[in-house]
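What follows is a set of notes on a single structure, which appears directly below.
The values are calculated or read from the model by the stated rules, or taken from the named source; none is laboratory data. On a predicted model such as this, the values are computed, not experimentally measured, just so you know. Glycine also receives a Cβ, built like all others from the backbone with ideal geometry; neighbour counts cover every protein chain displayed. The protein model used for the area step is the full one, side chains on, heavy atoms only, and it has no ligands, DNA or RNA in it. Shrake-Rupley method; radii C 1.70, N 1.55, O 1.52, S 1.80 Å.
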Amino acid sequence: VVLSSNISVCIGGSATITFTGTPNATVIYKVNGGANQTIVLNNLGIATITGTFNVTTTYTLVSVSSATTPICTQLLSDSIVVNVIPLPTATISSNVSICPNSAATITFTGTPNATITYNANGVQQTILLNGAGSASLTQNFAVTTTFELVSAATLGTPNCVQPLTGSVVVTVLPLPIVAI
């Protein structure tokens, strides 16, 4: 009997473990080194387990036994891992006040290499966090602008996405005036 290959899922995601081998054979396996568990392959030599995963889980084959008489058993040691990827997170820097047409820096901090989606005055945009988990945007502002976090997404497969909340406002103060 052989197991399907290693699988990666987002936390709370589902995955299917496939056992393939001699038709009608009885397979003994362990999950995370726990007690022996049993599954019987169908007449095509296939059995599956589908589950929801919140922690990284290892499936290890122990043995396979034939359905014939006499029963022949073979010891096994292959294993696969269901790797659980945590959902990405991010925060945005604090509010700032500036003079018209002055520069301000908005800093995003979170899961390294995540793509952050945000709205700037209602216009949706994205920014990629670096390997240290940060990115910044520096620009001149003529009008007060609100930055609102929308979501964070991991790169690669699977693409884990988490909705986010949080906002900052770049307040553009009016220029002082005087009359004589």
*Which number in (1) open to solvent by 70 Å² or more (accessible area, probe 1.4 Å); (2) touching a Ser or Thr at 6+ places or on another chain (Cβ under 6 Å); (3) under 30 Å from Leu175 (Cα atoms); (4) of a type in the set (Val, Ile, Thr) marks the one condition that Val123 misses?*
(2)
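Being farther than 17 Å from Ser167 by Cα and either modelled with pLDDT of 95 or more or β-branched (Val, Ile, Thr) (or both) narrows it down to one residue among Ala90, Ala132; which is it? If you could, list the steps in order and put the result at the bottom.
Working: Ala90 fails: farther than 17 Å from Ser167 by Cα.
Answer to the check: Ala132.
State yes or no: is Gln74 over 30 Å from Thr109 (Cα atoms) and in contact with a Lys or Arg (Cβ under 9 Å, 6 or more places away or on another chain)? If you could, list the steps in order and put the result at the bottom.
On the way: over 30 Å from Thr109 (Cα atoms): yes; in contact with a Lys or Arg (Cβ under 9 Å, 6 or more places away or on another chain): no.
Criteria not met by Gln74.
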_The conditions are (1) over 30 Å from Glu148 (Cα atoms); (2) in contact with a strand residue (DSSP E or B) (Cβ under 6 Å, 6 or more places away or on another chain); (3) open to solvent by 80 Å² or more (accessible area, probe 1.4 Å); (4) in contact (Cβ under 8 Å) with a residue 12 or more places away in the chain, and Leu76 fails exactly one of them. Which is it?_
(3)
*When you scan the range 52-67, how many residues do you find that are open to solvent by less than 80 Å² (accessible area, probe 1.4 Å) and in a loop (DSSP other than H, G, I, E, B)?*
3
*Looking at Leu128, is it closer than 24 Å to Gly12 by Cβ, among the aliphatic types (A, V, I, L, M) and open to solvent by 20 Å² or more (accessible area, probe 1.4 Å)?*
no
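Within the range 159-168, identify whether any single residue is more than 30 Å from Ser14 (Cα to Cα) and aliphatic (A, V, I, L, M), and answer yes or no.
The answer is yes, given that some residue of the range 159-168 is more than 30 Å from Ser14 (Cα to Cα) and aliphatic (A, V, I, L, M).
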*Determine if the range 85-100 includes at least one residue that is open to solvent by 40 Å² or more (accessible area, probe 1.4 Å), without any contact (Cβ under 8 Å) to a residue 60 or more places away in the chain and under 26 Å from Cys10 (Cβ atoms).*
no
*Of all residues in the range 4-51, count the ones that are under 14 Å from Val84 (Cβ atoms) and either open to solvent by 60 Å² or more (accessible area, probe 1.4 Å) or part of a loop (DSSP other than H, G, I, E, B) (or both).*
5
